[in-house]
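What follows is a short report on a single structure.
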Amino acid sequence: MFKKIENRLKPIDKELMENSGEPRWRLNARWERKNMVLEGLLKADSPHGLWELTEKGKKLPLAWPCKCLIPRGLHVVLVVPI
């Protein structure tokens, strides 16, 4: 995944977090996924690495504005193949 988004990340997004040793962008993506599961937009029981939309999530537009916790303009956008 990193190679697909590397050119969109700022240096601070690539920094390793002290507590987990993970890059900031990956930790933020993990938190955003959790938030979308809690909102009922993503299935909680999807296989590792797969973000599956719930019926509620499928009813949203292909891209929607969200108040993401991801800093510096990096937003999560779901694209649903038809």
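Considering only segment 7-48, how many residues are among the polar types (S, T, N, Q), surrounded by 13 or more Cβ atoms within 10 Å (Cβ to Cβ) and not in a loop (DSSP other than H, G, I, E, B)?
Of all residues in segment 7-48, those among the polar types (S, T, N, Q) come to 7, 19-20, 28, 35, 46.
Those still in the list that are surrounded by 13 or more Cβ atoms within 10 Å (Cβ to Cβ) too: 28, 35, 46.
Next, only the ones that are not in a loop (DSSP other than H, G, I, E, B) stay: 28, 35.
Count: 2.
For Val77, only one of the following conditions fails: (1) modelled with pLDDT under 85; (2) surrounded by 12 or more Cβ atoms within 10 Å (Cβ to Cβ). What is its number?
Among (1) modelled with pLDDT under 85; (2) surrounded by 12 or more Cβ atoms within 10 Å (Cβ to Cβ), the lone unmet condition for Val77 is (2).
I'm told Leu42 meets every condition in (1) within 20 Å of Ile5 (Cβ to Cβ); (2) at pLDDT 65 or above; (3) out of contact with any Lys or Arg (no Cβ under 9 Å at 6 or more places or on another chain) except one. Can you identify the failing condition by its number?
So Leu42 meets the others, but not (3).
Can you find, within segment 49-61, the residue that is modelled with the lowest pLDDT among those that are farther than 22 Å from Trp25 by Cα and assigned to a loop (DSSP other than H, G, I, E, B)? If you could, list the steps in order and put the result at the bottom.
Residues of segment 49-61 that are farther than 22 Å from Trp25 by Cα, as a first pass: 54-61.
Within this subset, residues satisfying the condition of being assigned to a loop (DSSP other than H, G, I, E, B) are 54, 59-61.
Details: Thr54: 89, Lys59: 84, Leu60: 78, Pro61: 72.
Going through the qualifying residues, I end up with Pro61.
The values are calculated or read from the model by the stated rules, or taken from the named source; none is laboratory data. As the structure is a prediction and not an experimental result, all values here were calculated from the model. For neighbour counting, all protein chains shown are included, and Cβ atoms are generated from backbone atoms with ideal geometry for every residue, glycine included.
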